[in-house]
1. Can you say whether E149 is acidic (D, E) and in a loop (DSSP other than H, G, I, E, B), as far as the supplied structure shows?
2. Looking only at residues in the range 193-245 that are closer than 30 Å to D120 by Cα and of a type in the set (V, I, T), which one is surrounded by the most Cβ atoms within 10 Å (Cβ to Cβ)?
3. Mind counting the residues in the range 1-59 that are in a loop (DSSP other than H, G, I, E, B), without any contact (Cβ under 8 Å) to a residue 40 or more places away in the chain and buried (at least 17 other Cβ atoms within 10 Å of the Cβ)?
4. Considering only residues of the range 171-216 that are part of a loop (DSSP other than H, G, I, E, B) and among the basic types (K, R), which is farthest from N49 (Cα to Cα)?
5. Please find, within the range 64-114, the residue that is nearest to E36 (Cα to Cα) out of those that are β-branched (V, I, T) and more than 19 Å from the chain's Cα centre (by Cα).
6. I'm trying to understand the selection: among the residues of the range 10-33, which are of a type outside the set (S, T, Y), over 16 Å from G51 (Cβ atoms) and in contact with a strand residue (DSSP E or B) (Cβ under 7 Å, 6 or more places away or on another chain)?
7. Output the residue which, of all residues in the range 158-170 that are surrounded by fewer than 22 Cβ atoms within 10 Å (Cβ to Cβ) and in a loop (DSSP other than H, G, I, E, B), is nearest to the chain's Cα centre (by Cα).
8. Residues to consider are V93, V107; find the one that is in contact (Cβ under 8 Å) with a residue 24 or more places away in the chain and over 26 Å from D181 (Cβ atoms).
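The values are calculated or read from the model by the stated rules, or taken from the named source; none is laboratory data. Note that this is a predicted model, so its numbers are computed, not measured. Here Cβ is always computed from backbone atoms with ideal geometry, including for glycine, and neighbour counts include all displayed protein chains.
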Amino acid sequence: MHEDHLFTYATTASGNRIERRALTGDPGTLGLGPAEVLVEAIPAAGNHNGGRLAIGPDGMLYATTGDAGRPESAQDLESLAGKILRLTPDGTVPTDNPFPGSLVWSVGHRNPQGIAWAGDDTMVASEFGQNTWDELNLIEPGGNYGWPEVEGIADQDGRIDPLLQWAPEEASPSGIAIANDVVYVANLRGQRLRAVPLKDPDSVRELLVGEAGRLRDVALAPDSSLWVLTNTTDGRGEAAEGGDRILRLVPPP
């Protein structure tokens, strides 16, 4: 949300789109106005759609898009697929975007999932790899993260390596949140919440390992706790008794 609007990412057979709806009413009785399409015709597929939205510390709207099953599109600046996009809350191109006249903020992504910002405004994103490495990336404006030529750490000129990488069977990193400059990463196949201190990323801690099933998202709550969303009922894992839940954790100071 941003001020009095809710932003959504719609995935459809004819293409993905970013929409904005005005919030109406008062807390407890809120309603939504009609959808206003901000960006449309984002390439779509049965998977690899990205779809995460977040308002950055600069007040701009950021969106992740997947390669929609066409890996080569991630390197094509004329395509919105396989990118992280940056737009104003009313859908226009910010004048300080790295590629003039383009919504593209970074390129070379396969299927980026979570986005969040550290205390110094460093942007962090999680990403589904293919068969070898899932990634946690530090996002730079205009940065190229290598897909499909590169997956994981490759030390290749012109390509930005991930901060960390994990085997997909232990990860499938989805939503992320940052608290006290620690990145909390919700993992689907890995069925765990990883805590990655940005000052010492190798000192990763693992929480909820196998305790709650697949984890789809994590969010920083208004009281500074973490809300962790389980995702066991999507047909890709063992459904939890009673369905999915939101778990509350209190991160260390």
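1. Considered against the rule, which asks whether it is acidic (D, E) and in a loop (DSSP other than H, G, I, E, B), E149 comes out as yes.
2. Looking at residues that are closer than 30 Å to D120 by Cα and of a type in the set (V, I, T), I get V218.
3. Residues that pass the stated criteria total 2.
4. Top of the filtered list is K199.
5. T92
6. Selection gives R21, A22, L23, G25, L30, G31, L32, G33.
7. Result: L163.
8. Going through V93, V107 in turn, just one is in contact (Cβ under 8 Å) with a residue 24 or more places away in the chain and over 26 Å from D181 (Cβ atoms): V107.
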